[in-house]
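Data block below; observations after.
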There are 2 protein chains.
Amino acid sequence: MADDMAGQVGDAEQLRARLGPDLVLTGEAVLPYCRDWHGDVQGQALAVLRPRSTSEAQDCMRAAAALKLRVVPQGGNTGLVLGALPEDGAAEVVISLERMTRIRSLDADNFSAVVEAGAVLEQVMAAAEAEGLFFPLTLGAQGSCRIGGNVSTNAGGVNVLRYGMTRELVLGLEVVLPDGQLFEGLSLLRKDNRGIDLKQLFIGAEGTLGLVTAVALKLLPRPEQVATALVALDGLEEVIALYRQARRDCCDLMSAFEFMPPLAIELACEAMPDLRPPLDAAHPAYALIEISGSGLVDIDDLMTRFLEGALMSGLARDGVVAQSRAQAAGLWAIREGMNLGQAMRGRHLRTDVSVPLSRLATFVAEAEAAVAAELPGCTCVSYGHVGDGNVHLNVLPDYGLGPDMIVPQILKAKKIVNEVLDRHAGSISAEHGIGRLKKPEFEARLPPVQRELLTRIKTALDPAGMMNPGCQMDHPAEAAHHAPLAEN
Amino acid sequence: MADDMAGQVGDAEQLRARLGPDLVLTGEAVLPYCRDWHGDVQGQALAVLRPRSTSEAQDCMRAAAALKLRVVPQGGNTGLVLGALPEDGAAEVVISLERMTRIRSLDADNFSAVVEAGAVLEQVMAAAEAEGLFFPLTLGAQGSCRIGGNVSTNAGGVNVLRYGMTRELVLGLEVVLPDGQLFEGLSLLRKDNRGIDLKQLFIGAEGTLGLVTAVALKLLPRPEQVATALVALDGLEEVIALYRQARRDCCDLMSAFEFMPPLAIELACEAMPDLRPPLDAAHPAYALIEISGSGLVDIDDLMTRFLEGALMSGLARDGVVAQSRAQAAGLWAIREGMNLGQAMRGRHLRTDVSVPLSRLATFVAEAEAAVAAELPGCTCVSYGHVGDGNVHLNVLPDYGLGPDMIVPQILKAKKIVNEVLDRHAGSISAEHGIGRLKKPEFEARLPPVQRELLTRIKTALDPAGMMNPGCQMDHPAEAAHHAPLAEN
């Protein structure tokens, strides 16, 4: 124990000696970097390294490697699966990108920007908007998540339907490799077919293969017109039918198509007592639809005619189109308030699963029925992104249950949902990633050939098992990495 | 020599013994598989293996591995960079996917299909169309290229602007690995964020990491309305300005935006004497524009209003919107006829380069000026996909030059164009891939860190250097792979 402490102090001092004191946080200062977004889990780290430039990031990586320390890359620390959580206070350092926040360049004529990995998503959105452009990644944490984290987790959000996951918005990457070398791949080309596309490996790798320090991003024309509607329907089957109709009728100009159960409106009203939803909670299902565009297509007219058609055909029971930005914000407030309302009801199971769209309604019906049969006191709240087949099938435990009873109920509910999911060839992580939280579920479902390929790639790019140990998968090399250090 | 021949016969017989005679072609029958699309290059191979199923493809791979033979995967053999060309008649076998052509499934409700790698692109397009859907990959070779080749080369085409390269149309892959194991990744999920996305490695790898045997594809609603226009402008700068305007005005509903020089019309008329272009060849530049969609947006009206705006503002000099399918086909015939016309003028330099869109006009002006200065008798034909920054800057040698003079002139023109390209951080291959043809240019520009990463990945996935040797890059393992065989 005393030896361990001495080793830690020694490592921390060596980091300071190598990098200068300004780059190295230790002691109490590291704690906020070791806590997850929900505040549920507290990890620990030897130090937090905070480079201000790519070359300092390379220095940090080399220093960690020289001391045989493991590295946990961290952006805004807003992830939902503990992907940036250091666990070992003796052997792990966090490299935080929070001081690398520059927009290095923005080329409006090329519809592109190069930004450092620590730039906050909202800052990137604003920089694009200032040039009449648009960066479409849109998610709840956009005020604090950072682009490097978005890339490393291949973040999704409400606009995936139209613009794809983060992967589809990345033109190029700059990555510090575990040995400190720099992968300089900040291409601005829209089309470049020179063989194997190395950057794809780092997107979604959650920092297990390298440290993303800058990103070249695609930008788009800013949609000047946005039309938002809330529609009431007879059930999820009808919501899916409406989605298919909308794809054809609206020329794939939908930027969001979310479904919600009636409970969503109830939960939103619990969380936001001032909320006045334009439709009551008496219908079996709701769709929140956004169409957007610029220029010569009249988006409001398109939405109105689409909705008229849906009402005339009987597919929609009721519907309302927002007549102002404020009304549109009011409709989105239901979607956001629903999340708050769930949180206010206490700990619950949150899932982030996906199935083929043709199985979505069946999956939700079967999973909700299975939960009702085995956990009759629980309440399911299933909502999500229809077009992507991505549903957050959440389960609220028995109201008023003691804390010691809640966790077993949540674990049981998760098991029930996953069993149904497996029957429908679904994914346990549609958009949140694997991290440390979903590693057991991920590894349990990993076919041997995939496991072998992932191990070979990890070994090829990070032979010492230095990057983000314990994230996504356990690798043999990680166990061997850290040995107690002799002072040298 | 006699020993070599004996070895070949022995290998061929062993392949037949292991796989049965129906799967193995040898002798004269292999020649068509060893000739490139243009018929310019004749390679050689020991045998062609033609599996009818995934398990037979695994058998073929295992047989090749057991005999220490190298494998060149081949689809429709329509590639433009010699990526599927076997070179060594003693040590290489082609595995042709031409007998694996099934559409395994098509799920209209999920907008997806699973097809075998040997399915011809046009067959896939037709299968989608029969269900009211659309597979958007569109290119000259669509009647003979095969989906596995499209995936392995990450094929582009005229619709990349709207729908992306093949990479963006792939949901999942089935790949036979060099050791015969099967990577089963035929996912039908639109959104699946379970860590590192292994399938990305095989897309664009040109068969150097494994043999793609089946593909899960994204489908889209079929665009019921298509509007096509030909516009005359003052130069490439104006074409690019019109493109930017079109992105905003037309809500990114453009499915093609091609530019052509006046010579394009001249060349097309040479090749197709019956062609009656609606605009004469007197303008400095032309844009061929296609907008498409379905449902409630009036696409013809959108195109008409867009073009009226461009004429009113003075950006466009003249323009015509096709009033029928036949007229639209007539406009596209100029684009296709231009290629024929170039071929009729004899051997010439074909390039497939890209630069950031903001540099496209400058790049073309500088490269054409450099060619004019150093090769005054040559003629440049620059055309391509504006929105992608992808230009085919071709150079026709001096008219009437002897064959021994043409090749040096082509090589010199290539050097001149590449020098300008390098100054603008461009790509030597925007959509055609690397293959064997562009390997020297590719390797000469490959930064050491990228080379090292590519070598590590190749070694990790194909440690024996068995897959498509000499394609894209030279790898140390390839040299060691084949040793003359003793009969065993």
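For peptide B:173-184, what's the mean number of Cβ atoms from other chains within 10 Å of each residue's Cβ? Kindly include the intermediate steps, with their values, before the conclusion.
Details: counts 0, 0, 2, 0, 3, 0, 2, 0, 4, 2, 5, 3.
So the per-residue partner count for this stretch is 2.
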Using a 1.4 Å probe and ignoring any ligands, DNA or RNA, find the accessible area of B:R16 and quote it in Å² to the nearest 10. 80 Å²
Reachable aspartates and glutamates from B:K415, criterion Cα separation under 16 angstrom, eight or more residues apart if same chain: B:D352, B:E366, B:E368, B:E374, B:E441, B:E443
How much accessible area does A:T166 have with a 1.4 Å probe, in Å² rounded to the nearest 10? 0 Å²
Label-zone membership for region B:226-245, site B:A369, 7 angstrom Cα→C-beta point, backbone N under 20 Å: B:234-241
Say a label goes 7 Å from Cα toward Cβ at B:P403 in every copy; what distances in nm does this one have to the rest, shortest first? 8.7
Ranking A:A326, A:F363, B:Q409 by how far each Cα lies towards the positive end of the charge dipole of the protein assembly as shown (+1 on Lys and Arg Cβ, -1 on Asp and Glu Cβ), the top one is B:Q409
Measure nothing but the geometry: give the 0 to 90° angle between the long axis through the Cα atoms of B:403-423 and the longest principal axis through the Cα atoms of chain B, rounded to 10°. 70 degrees
Let me know the charge dipole size of region B:345-439 about its Cα centre in debye, to the nearest 20, where only the beta-carbon of Lys, Arg (+1) and Asp, Glu (-1) is charged. 300 debye
What does the accessible area of A:E452 come to, in Å² to the nearest 10, when a probe of 1.4 Å is used? 70 Å²
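Taking only DSSP H segments of four or more residues, each worth -39500 (n - 2.57), what value at 222 nm results for chain A once the sum is divided by all its residues, to the nearest 500 deg cm²/dmol? If you can, show how the numbers build up before the last one.
Details: 15 runs with 175 residues, N = 488.
Counting only the DSSP helices, I get -11000 deg cm²/dmol.
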Can you spot the lysines whose alpha carbon is less than 22 Å from A:K412's alpha carbon? Ignore those fewer than 8 places along the same chain. A:K438, A:K439
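Could you tell me what fraction of 2.2 N^0.38 Å the Cα radius of gyration of chain A comes to, as a two-decimal ratio? Walk me through the numbers on the way to the answer.
Values: Rg = 23.7 Å, N = 488, 2.2 N^0.38 = 23.1 Å.
Its radius of gyration relative to the 2.2 N^0.38 Å reference: 1.02.
Run the dipole for region A:103-221 about the Cα centre, Lys and Arg Cβ at +1, Asp and Glu Cβ at -1, nothing else charged, and hand back the magnitude in debye, nearest 20.
Working: 9 positive and 13 negative charges, 59 e Å.
That gives region A:103-221 a dipole magnitude of about 280 debye.
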With just the Cα atoms defining each centre, how far is region A:92-128 from region A:156-194? Give it in Å. 13 Å
With every protein chain in place, region A:223-344: carbon and sulfur % of accessible area (1.4 Å): 52 percent
Distance in Å, no decimals, from the C-alpha centre of region A:433-462 to the one of region B:225-255 is 45 Å
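What do you reckon, how do B:K412, A:K458, A:K415, B:K218 stack up by accessible area (1.4 Å probe), largest on top?
Details: B:K412 90, A:K458 5, A:K415 130, B:K218 45 Å².
Order by accessible area, largest first: A:K415, B:K412, B:K218, A:K458.
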Mind jotting down the distance between the C-alpha centroids of region A:44-67 and region A:283-353, whole Å? 45 Å
How large are Rg and Dmax for region A:2-99 when only the alpha carbon atoms are used, in Å? 12.6, 36
For B:Q327 and A:D301, what does the FRET efficiency come to when R0 = 25 Å and r is the distance between their Cβ atoms, rounded to the nearest 0.05? 0.30
Going by accessible area, probe 1.4 Å, with all protein chains left in place, what is the ranking of A:E92, A:E336, A:E368, A:E290, largest first? A:E336, A:E368, A:E290, A:E92
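In Å², rounded to the nearest 100, what is the total accessible surface buried by chains A and B against each other with a 1.4 Å probe? Intermediate values should be presented prior to the final figure.
Numbers: alone 21540 and 21540 Å², together 35720 Å².
It comes to approximately 7400 Å² buried between A and B.
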What gaps in nm, shortest first, separate A:R451 from its twins in the other copies when you place the label 7 Å past Cα toward the beta carbon? 3.7
How far is helix A:448-461 tilted off the main Cα axis of chain A, in degrees rounded to 10, range 0 to 90? 50 degrees
Size of electric dipole in chain B: Cβ of Lys, Arg +1 and of Asp, Glu -1, about Cα centre, debye, nearest 20: 660 debye
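Could you state, as a whole-number percent, how many of the C-alpha pairs of region A:346-432 are farther apart than 22 Å? Please report the intermediate quantities before stating the final value.
Numbers: 783 of 3741 pairs.
So the portion of pairs separated by more than 22 Å is 21 percent.
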If the label for B:A373 sits 7 angstrom from Cα along the Cα-to-Cβ line, what are its distances to the same label in every other copy, in nm to one decimal, shortest first? 7.9
Cα-based Rg and Dmax for region A:103-221, in Å, come out at 13.2, 40
Reference-scaled alpha-carbon Rg (2.2 N^0.38 Å with N residues) for region A:220-323: 1.08
On a full-extension model of 0.36 nm per residue, what is the gain between B:D109 and B:R345, subtracting their alpha-carbon distance, rounded to one decimal in nm? 80.1 nm
With the dipole of chain B worked out from charges on the C-beta (+1 for Lys and Arg, -1 for Asp and Glu) around the Cα centre, which of B:L446, B:V297, B:L23 lies farthest toward the positive end? B:L446
For the protein assembly as shown, build the charge dipole from Cβ charges (+1 Lys, Arg; -1 Asp, Glu) around the Cα centre, then report which of B:A128, A:F259, B:G433 sits farthest towards its positive end. B:G433
Taking only the alpha carbons of region B:164-240, what extent do you get along each of the three principal axes, in Å, biggest first? 57, 29, 23
Counting alpha carbon pairs within less than 8 Å and at least 6 residues apart, what relative contact order, in whole percent, applies to chain A? 15 percent
Solvent-accessible heavy-atom area per residue, rounded to whole Å², over region B:1-75 at 1.4 Å: 47 Å²
Computed over the protein assembly as shown, Cα set: Rg, Dmax in Å: 28.9, 92
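The values are calculated or read from the model by the stated rules, or taken from the named source; none is laboratory data. None of these values were measured; they are calculated from a predicted model. With ideal geometry, Cβ positions are generated from the backbone for all residues, glycine too; neighbour counts draw on all protein chains shown. What goes into the accessible areas is simple: the full protein's heavy atoms, side chains included, and nothing from ligands, DNA or RNA. Shrake-Rupley method; radii C 1.70, N 1.55, O 1.52, S 1.80 Å.
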